[in-house]
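Read the figures in this text as sums done on the coordinates, not as results from a lab. In this text, all values refer to a predicted model and were calculated from it rather than measured experimentally. Glycine also receives a Cβ, built like all others from the backbone with ideal geometry; neighbour counts cover every protein chain displayed.
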Amino acid sequence: MKVEKTELAGLLRLEPRVFGDARGYFLETWNERVFAEAGIEASFVQDNHSRSARNVLRGLHYQLRQPQGKLVRVLSGAIWDVAVDLRRSSKTFGRSAGMRLDAQTHAMAWIPAGFAHGFLVLSDAADVLYKTTDAYAPEHERTLLWNDPALAIAWPLAGGAPLVSDKDRRGVPLAQADTYE
């Protein structure tokens, strides 16, 4: 597995080895030993699958208590995946990083606990699967405002506003957000 560090400590882009021939392909999406060798020691408790249409923007979500590490991959289509560092003790607090994830490259994102996460669908539709290190806890969920000018996230919007849920539209700016130590 190829591991690419990002400018945010702990946030990684992962490219699994893909074995292909005339029949199709095979790849490992999770192998505890291989991921531990890459510095990712995680125990997953939940898998989530979302399907979204072009220009849907989901996020930026996080859980203040029961924070979740996430291993994100795209089964079909393409997304722009974004993580925001919400760890006040981090040198990169308040900074974001984005990366393209798609079904062709099979690249994945490792987003450790302490980050807000969201994505924008770039293709006609996208199926996104992500494993989490803790269960969904709606009472602890928070939403960071996806278009907060303080974050300066360069969402690759293809004209017009993205499609967002009411919850995401009501997200709070970083200056008012609950954060981690």
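How many Lys pairs in the chain lie less than 20 angstrom apart by Cα atoms, where the lysines are 8 or more positions apart or on different chains?
6
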(request) For the range 30-45, take each phi angle, set θ = phi - 60°, evaluate the Karplus expression 6.51 cos²θ - 1.76 cosθ + 1.60, and give the result in whole Hz per residue in order, putting x for glycine and proline. (result) 8, 9, 3, 5, 5, 5, 4, 5, 8, x, 9, 10, 9, 10, 8, 10
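Compute the signed sum of charges (Lys and Arg +1, Asp and Glu -1) over the other residues within less than 15 Å, Cβ to Cβ, of residue 165. Can you show the working numbers first?
Working: positive: 51, 58, 142, 167, 169, 170; negative: 141, 166, 168.
It works out to a net charge of +3.
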(request) Determine the calculated [θ] at 222 nm for the chain from helices alone, applying -39500 (n - 2.57) to every DSSP H run no shorter than 4 residues and normalising by the residue count; nearest 500 deg cm²/dmol. (result) -1000 deg cm²/dmol
(request) Note down the magnitude of the dipole of the chain about its Cα centre, charges +1 on Lys and Arg C-beta and -1 on Asp and Glu C-beta and zero elsewhere, to the nearest 20 debye. (result) 220
(request) Kindly state, to the nearest 0.05, the FRET efficiency for residue 51 paired with residue 91, given R0 = 45 Å and r defined as their beta-carbon distance. (result) 0.80
(request) Round to a whole angstrom and tell me the spacing of the C-alpha centers of the range 158-178 and the range 13-91. (result) 21
(request) Check each of the trypsin sites (Lys or Arg not before Pro) in the range 138-180 and keep only those in coil by DSSP with at most 10 other C-beta atoms within 10 angstrom; list them in order. (result) 170
(request) Would you kindly derive the ³J(HN,Hα) couplings of the range 139-144 from the backbone phi angles with the Karplus curve 6.51 cos²θ - 1.76 cosθ + 1.60 (θ = phi - 60°), listing them in order in whole Hz, with x for Gly and Pro? (result) 5, 10, 6, 10, 10, 8
(message) Using 0.36 nm times the number of residues separating residue 25 and residue 7, minus their current alpha carbon distance, what extension gain do you get?
(response) 3.3 nm
(message) Please compute the contact order of the chain in relative form: average sequence separation of alpha-carbon pairs under 8 Å and at least six residues apart, divided by the residue count, as a percent.
(response) 29
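State to the nearest 20 debye the size of the charge dipole of the range 62-103 about its Cα centre, where the only charges are +1 on K and R beta carbons and -1 on D and E beta carbons.
Details: 8 positive and 3 negative charges, 53 e Å.
So the magnitude is around 260 debye.
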(message) Which GluC sites (Glu not before Pro) in the range 1-108 sit in a loop by DSSP (not H, G, I, E or B) and have at most 15 other Cβ atoms within 10 Å of their own Cβ?
(response) 7, 28, 41
(request) Determine, for each peptide in 67-77, 125-135, the mean count of other beta carbons within 10 angstrom over its residues, then list the peptides with the highest first. (result) 67-77, 125-135
(message) Under the rule a/c < 1.5 gives rounded, and otherwise a/b versus b/c splits prolate from oblate, where does the range 7-63 land using the Cα gyration tensor?
(response) oblate
